[in-house]
Structures are given as structure tokens and as C-alpha cells.
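Written below as C-alpha cells is the structure these notes are about.
The values are calculated or read from the model by the stated rules, or taken from the named source; none is laboratory data. Please read these numbers as outputs of a predicted model, since none were measured by experiment. Every residue, glycine as well, gets a Cβ built from its backbone with ideal geometry; the counts of neighbours run over all protein chains shown. Ligands, DNA and RNA are stripped out before the accessible areas are found, and what is left, the full protein with its side chains, is counted by its heavy atoms. Shrake-Rupley method; radii C 1.70, N 1.55, O 1.52, S 1.80 Å.
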Amino acid sequence: MDAAPVVLPVKEHIELSEKEDKIFTRLLDVVRHFGLETQLRVAGGWVRDKLLGKECYDIDIALDNMLGRDFCEKVNEYLKSVGEQQQGIGVIQCNPDQSKHLETAKMRIYDIWIDFVNLRSETYAENSRIPTMKFGTAEEDAYRRDLTINSLFYNINNSSIEDLTGRGVKDLKSGLIVTPLPPKATFMDDPLRVLRAIRFGARFGFLLDEELKKAASDEEVRSALGNKISKERIGHEVDLMMSDKQPPKAMAWICDLKLFFVVFACPENSRPPVDEHCDRLCISHIEAAWLLLQAIGTASFTEDQRRLCLYSSLLLPLRSTIYMDKKLREVNNILFAVFSSILSALSLSILYIVQAPVAGFIFRESLKLKASDADMVVNLHNACKKFVELFLLLESDEIPENIRADLEDEFLEIPCTSIKRVFAGLLLRQLKDFWRVALMTSTLLDPALDPTNDSSDRSEGLNRRREMFLRAESAITQLGLDGVWKTKPLLDGKGIMGVLQLKSGGPTIGQWQHRLIKWQLAYPNATTEDCIDWINQSQAKRQKLDINA
């Protein structure tokens, strides 16, 4: 069951800031100058936030008798008449196929971007899901909006709050997320409103109306969200949730309303197949990560690091799940045709070449988020196994043989006392300033994390993970590794070529560059001269071994 809603204090009147008063006065000057009969209303979120005592700079103006771009042109005419600089006008076209039914114009007024749009009314022709748009009354427009708490208007002409659904202020005071019209009709008009309802409910700690939840999980609504709304709009909404006040609550609602695999759609050819209960496990991970972030202190992470930490934790149960990338398959089929005999001789499969992580697919294809974010989350997942090994290494006097074998080679024998520093340093150089995010995410792989645990076990698990994180963070800091990715090699590629007396580069130089980084991590106080001596001695030793062989 949901907890009781958070009850927030709601103001009876809206108090304008000095900048808002200037903006609204300028808009009224335009109306008076041209003798317009236009009623100017601020719509939606600005009204809601002002009533909650929050500052808001997202001002949307609803016009009752003209299009947004027409009013913006009147603003520029007025500016010209009073000798002020005209402003550029941006227009965002409507796109009914993506449930974007209104053209929006925007321009800067006193350095604030203002959106202008006409009030709307809609009628649907038989057998058509795309409405016919026409100018509507403020009441008609209010009922077409997503939520009652977003359907409030502030009438600039007479400085009054207009609650035309009759329950916007009431629901704001009661902490309820409700749609003005029956919820299924509201969601079918624009299925993205399901995610907006979840986002605002999580942000304010409000309850979702029971009829709203029933409509949100309706098969027809879920299908419309997956097929009618662009992945970019879905991804943007999810990203806002992840950066908001209660990401785990929002994700839990997405799961509860059977929307998880609609939003975080996995490819059909996932291997192994994604378990139908995986969504619950994903929620348990983001909840654990959120609690750990609070316990450690969110100030230790940037906003971007916190956001990607939550994404990484949410998708952690999918870290070992792969799929066959179609784009890579097309390219590699050509390679396969050319090199099939070589691949056969080496017992390699073309499938191996085209494997890709499902987490990356979700970012790139299901949410259409930045490729750099997808790469970072995949890197964090890949680093988890290494960080689990690092936890054990930092707290043990013994060096596992597999770690020793991974670090050493024929030219470099790392002292036992330096193996921890080299192993950790290489990890940090891969992740740079996201190493703490990887460290934190890796603690979620501890067996103490079990979604079926009761609250006391979860509390014990949280304390255990926090202690793991703090011990490892302290050890890494004491090793002098925070910022190690900024350390430059004592010799660049050209310098290595000079010491090895090579006339051209190639793979050998890359191997020596990696070897040099390991050597510097083992000997952090070494000089360039020490480095040259080591390379020369290593070469001489190798040549001697070759002669004896």
C-alpha cells in the first residue's frame, strides 16, 4: 500500500517577483497598445509552484483568441514602436502523430524565455485518433490538461487564480494526483501523461488516484505509450524522474503499473532471455542505491554522477545480458564473408563479434538518451566485477594468483607491496572521476542485497555496504590514487620509440604505453631517467633470455 500523501502548505494568493511583475506588465502593455481583447493566462506548472511557495521560471502563457506566434509578432511590433530591440521568435510545430497537438511560440522577455500557446478545444472525427483543433475556452483547455494540479490558471489581466476544474487547489492541498477528465481518455489523448503523473506524484510525495492507476496499467494505454509516443519524449521524462527528488518512487510506480518493460524495452533477442520478474529486482537495486547515496552523502557526487549511478543500479541485474546488434550484424556479415575461413580456423563465431550489452540498448534505443551516458553505464557495469575483486584485495594480505597474472608480463615484475596500487590505479584510470560511482554500484552485488529481505535485514545490508564503500574509498585515497587518471606517462609514444630504437610505431608501442602506466603506478616517485633505465634493463634481460633459449 502507498504511504499517506505528503501534505504541503498551499498559498491563497500568488506573490509576483519583481521580474515576473515586469514581464506581465510588458505583456499587458502590448494588449493595451493594440487594443486587443486577449486574455493572458499563465498556465500549469508555474501556477502550481507559486501556490506551493516555490520559485518557477518556466512561464507558459495561454491566449484565448490568437496563436502564439501572432502574439509574439505583436510584442515585436510594440518593442519597435517604443524604440527597443526586437526579439527572435521560435516556433515548435504541432505533431499529432506523437500526441503534440499544439503549435508553440517562444521568445525572450526581460531575459526569460516565455512560451505562448492558444487555448484549445478538441473534437475527434469518427475512426480518427487525431483531433481537430480549434480555439477553446479556458475551461475547455483546463479539462484537456494532464492533471488537476497542472490545470490552474493565473489570469494576468485581473491578477486572479482560476481553478476551472473545481479541484486543482483541493488536490494540491490533499496531495492527490488526479486527471481532470476520466483518466483513460486523458492518457489516450497523450499517453506520455502516464509518466508525467508518476513524475509529479514522486516529486511532491503525492498519492496516485486509484482510477488513474487502473487506467495507467490498462493494456490499451500501455500499448499506446509504447507505440504512439516517441522514444525521445519517453527518455526525456524518465531522465527528469532520475534527476528529481524521489527516483526510486517513480521507478517503483512504473513497475507497479506494469510499464517497466514498455519504458525500458529490451531487445527480443536478449541472451539469456530477460526474466519477467527482473523489473522487481531492478527496483530493489535502485532503492538500495538511493539509500546508500543518502547514507554516504549526496554532496560526494555531482548531479550527473548521481543520475548515472541510479541508472547503473537500476539496470545492474541486466549487466550480463547481451543481444545481437542488427547494425553491427550488417557490417560483420560482410566481414564474415571475407574472413569466414579465418574465423572457422580459429573456431570463432560471428555471433561473438556482434554481442552488445542490453543496458546500452535501453539507453540508445528505448530511451534515446546520450550515447556517452550509455557508454558510461556499460563501463560501470563492466567495472563491477573488478571492484568486487578490489574489495577483497584491499582487505587481504594475500594476492590472488589471477590478479598477479593479469598485471605482470615478461618485461614487468610488480613488487607484492605495489600490486594493490597498480590494480586499483588501472581501474580508476578507466573510470576517471566516476570511480566512486562504480565503487558504490559494486557494493550492491554484496549478498546482503536481497529484495525479499525484511526492513531490519535491509538496514543491516545498508550499513554493511556503507562500511564497504568507506573502507575502500579510504584505502584508495591513502594509496594516493584519487586523480590518478590525470597522471601523464613519463614517456610518450615518440619517447618510447626513441628508447627502443624503433623507426615506426605499431602495436608494440601501445603495449609499452600500457606497461609504462603499470610501472609508474608501482613506482610513483620514479623519474624519466628511472623509466628509461627500466626499459633498457627490461630489453637487455629479454634479449639475454632469447639468446639462452
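If you go through the stretch 130-170 one residue at a time, how many are among the charged types (D, E, K, R), part of a helix (DSSP H, G or I) and buried (at least 20 other Cβ atoms within 10 Å of the Cβ)?
1
Quick one: count up the residues across the stretch 466-525 that are touching a residue at least 40 places away in the same chain (Cβ under 8 Å), of a type in the set (Lys, Arg) and either over 29 Å from Phe301 (Cα atoms) or touching a helix residue (DSSP H, G or I) at 6+ places or on another chain (Cβ under 7 Å) (or both).
Adding up the residues that qualify gives 3.
Ser455 - would you say it is at pLDDT below 90 and within 30 Å of Ser320 (Cα to Cα)?
Working: at pLDDT below 90: yes; within 30 Å of Ser320 (Cα to Cα): yes.
Spelling it out, Ser455 is indeed at pLDDT below 90 and within 30 Å of Ser320 (Cα to Cα).
Working only within the stretch 270-282, note down all residues that are open to solvent by less than 50 Å² (accessible area, probe 1.4 Å) and either in the same structural domain as Arg436 (by the TED database) or in contact (Cβ under 8 Å) with a residue 40 or more places away in the chain (or both).
Here is the first cut: in the stretch 270-282, the ones open to solvent by less than 50 Å² (accessible area, probe 1.4 Å) are 270, 274, 278-279, 282.
Result: Ser270, Val274, Cys278.
Counting only residues that are within 29 Å of Leu225 (Cβ to Cβ) and not assigned by the TED database to the domain that holds Asp141, give me the helices (runs of 4 or more DSSP H) lying completely in the stretch 1-115 with at least 1 of them.
So the answer is none; nothing clears 1.
List the helices (runs of 4 or more DSSP H) that sit entirely inside the stretch 247-314 and contain at least 2 residues that are aromatic (Phe, Trp, Tyr).
260-263
Answer yes if at least one residue in the stretch 230-242 is touching an Asp or Glu at 6+ places or on another chain (Cβ under 9 Å) and crowded, with 17+ Cβ neighbours inside 10 Å, and no otherwise.
no
Does any residue in the stretch 386-402 that is touching a residue at least 40 places away in the same chain (Cβ under 8 Å) and in the same structural domain as Gln430 (by the TED database) come within less than 8 Å, Cβ to Cβ, of a residue that is open to solvent by 50 Å² or more (accessible area, probe 1.4 Å) and outside any helix (DSSP H, G or I) six or more places away or on a different chain, and which pairs are these?
Note: pairs meeting the criteria are Val388/Leu445.
Taking the criterion of being more than 19 Å from Phe469 (Cα to Cα), open to solvent by 80 Å² or more (accessible area, probe 1.4 Å) and part of a loop (DSSP other than H, G, I, E, B), would at least one residue in the stretch 408-415 satisfy it? Can you show your working first?
Taking the stretch 408-415 and keeping what is more than 19 Å from Phe469 (Cα to Cα), we get 408-415.
The next check asks that each one be open to solvent by 80 Å² or more (accessible area, probe 1.4 Å); those that pass are 410, 413.
Among the residues that remain, those that are also part of a loop (DSSP other than H, G, I, E, B) are: 410, 413.
There is at least one residue in the stretch 408-415 that is more than 19 Å from Phe469 (Cα to Cα), open to solvent by 80 Å² or more (accessible area, probe 1.4 Å) and part of a loop (DSSP other than H, G, I, E, B).
Test Gln539 against the criterion of being loosely packed, with under 12 Cβ neighbours inside 10 Å, farther than 21 Å from Leu481 by Cβ and at pLDDT below 90, and give yes or no.
Working: loosely packed, with under 12 Cβ neighbours inside 10 Å: no; farther than 21 Å from Leu481 by Cβ: yes; at pLDDT below 90: yes.
The answer is no for Gln539.
Among the residues of the stretch 485-509, which ones are open to solvent by less than 70 Å² (accessible area, probe 1.4 Å), part of a helix (DSSP H, G or I) and at pLDDT below 90?
Those that are open to solvent by less than 70 Å² (accessible area, probe 1.4 Å), part of a helix (DSSP H, G or I) and at pLDDT below 90: Leu500, Thr508.
For Thr417, state whether it is outside the structural domain of Ser538 (by the TED database), of a type in the set (S, T, N, Q) and within 30 Å of Leu500 (Cβ to Cβ). Give the steps one after another, and end with the answer.
On the way: outside the structural domain of Ser538 (by the TED database): yes; of a type in the set (S, T, N, Q): yes; within 30 Å of Leu500 (Cβ to Cβ): yes.
When the stated conditions are applied, Thr417 passes them.
Anything in the stretch 522-533 that is over 17 Å from Lys494 (Cα atoms) and either surrounded by 13 or more Cβ atoms within 10 Å (Cβ to Cβ) or charged (D, E, K, R) (or both)? List them, or say none. Steps first, answer last, please.
Applying the first criterion (over 17 Å from Lys494 (Cα atoms)) to the stretch 522-533 yields 522-527, 530.
Ala522, Tyr523, Pro524, Ala526, Asp530 - these are the residues of the stretch 522-533 that are over 17 Å from Lys494 (Cα atoms) and either surrounded by 13 or more Cβ atoms within 10 Å (Cβ to Cβ) or charged (D, E, K, R) (or both).
Search the stretch 40-64 for residues that are closer than 17 Å to Arg144 by Cα and pair each with any residue that is in a strand (DSSP E or B) and polar (S, T, N, Q) when their beta-carbon atoms are under 6 Å apart and the residues are at least 6 apart or on different chains.
Arg41/Asn155; Leu63/Asn118
Of Arg471, Arg465, which residue is open to solvent by less than 40 Å² (accessible area, probe 1.4 Å), under 22 Å from Cys384 (Cα atoms) and not small (Gly, Ala, Ser)? Give the steps one after another, and end with the answer.
Working: Arg471 fails: open to solvent by less than 40 Å² (accessible area, probe 1.4 Å).
Criteria check complete, one pass: Arg465.
So, in the stretch 279-308, of the ones that are acidic (Asp, Glu) and under 16 Å from Met241 (Cα atoms), which residue ends up farthest from the chain's Cα centre (by Cα)?
From the stretch 279-308, those acidic (Asp, Glu) are 279, 287, 303-304; that's our starting set.
Then keep just the ones that are under 16 Å from Met241 (Cα atoms); that gives 287, 303-304.
On the way: Glu287: 16, Glu303: 10, Asp304: 8 Å.
Among those that are acidic (Asp, Glu) and under 16 Å from Met241 (Cα atoms), it is Glu287.
Here is a check on your reading of the model: is Glu398 over 19 Å from Lys432 (Cβ atoms), modelled with pLDDT under 95 and not in a helix (DSSP H, G or I)? Give the derivation first.
Working: over 19 Å from Lys432 (Cβ atoms): yes; modelled with pLDDT under 95: yes; not in a helix (DSSP H, G or I): yes.
Spelling it out, Glu398 is indeed over 19 Å from Lys432 (Cβ atoms), modelled with pLDDT under 95 and not in a helix (DSSP H, G or I).
Answer yes if at least one residue in the stretch 204-217 is assigned to a helix (DSSP H, G or I), surrounded by 23 or more Cβ atoms within 10 Å (Cβ to Cβ) and among the aromatic types (Phe, Trp, Tyr), and no otherwise.
So far as the stretch 204-217 goes, no, none of its residues is assigned to a helix (DSSP H, G or I), surrounded by 23 or more Cβ atoms within 10 Å (Cβ to Cβ) and among the aromatic types (Phe, Trp, Tyr).
Take Arg436 and tell me if it is at pLDDT below 90, in a helix (DSSP H, G or I) and open to solvent by 20 Å² or more (accessible area, probe 1.4 Å).
Details: at pLDDT below 90: no; in a helix (DSSP H, G or I): yes; open to solvent by 20 Å² or more (accessible area, probe 1.4 Å): yes.
Judged against the criteria, Arg436 is not a match.
Hey, among Leu195, Leu181, which residue is at pLDDT 95 or above and part of a loop (DSSP other than H, G, I, E, B)?
Details: Leu195 fails: part of a loop (DSSP other than H, G, I, E, B).
It is Leu181.
Looking only at the stretch 296-337, filter to residues that are of a type outside the set (D, E, K, R) and at pLDDT below 50; which one of those is surrounded by the fewest Cβ atoms within 10 Å (Cβ to Cβ)? Spell out the reasoning first.
We begin by selecting, within the stretch 296-337, every residue of a type outside the set (D, E, K, R); these are 296-302, 305, 308-318, 320-324, 328, 331-337.
Cutting the leftovers down to at pLDDT below 50 gives us 331-336.
Numbers: Val331: 12, Asn332: 18, Asn333: 13, Ile334: 9, Leu335: 13, Phe336: 17.
In this case the residue turns out to be Ile334.
Those residues that are open to solvent by less than 10 Å² (accessible area, probe 1.4 Å), closer than 11 Å to Leu318 by Cβ and not small (Gly, Ala, Ser), I need them from the stretch 357-381; list them, please.
Across the stretch 357-381, the qualifying residues are Val358, Ile362, Val377.
If Pro507 satisfies every condition in (1) within 34 Å of the chain's Cα centre (by Cα); (2) within 21 Å of Cys531 (Cβ to Cβ) but one, which is the exception?
Answer for Pro507: the failing condition is (1).
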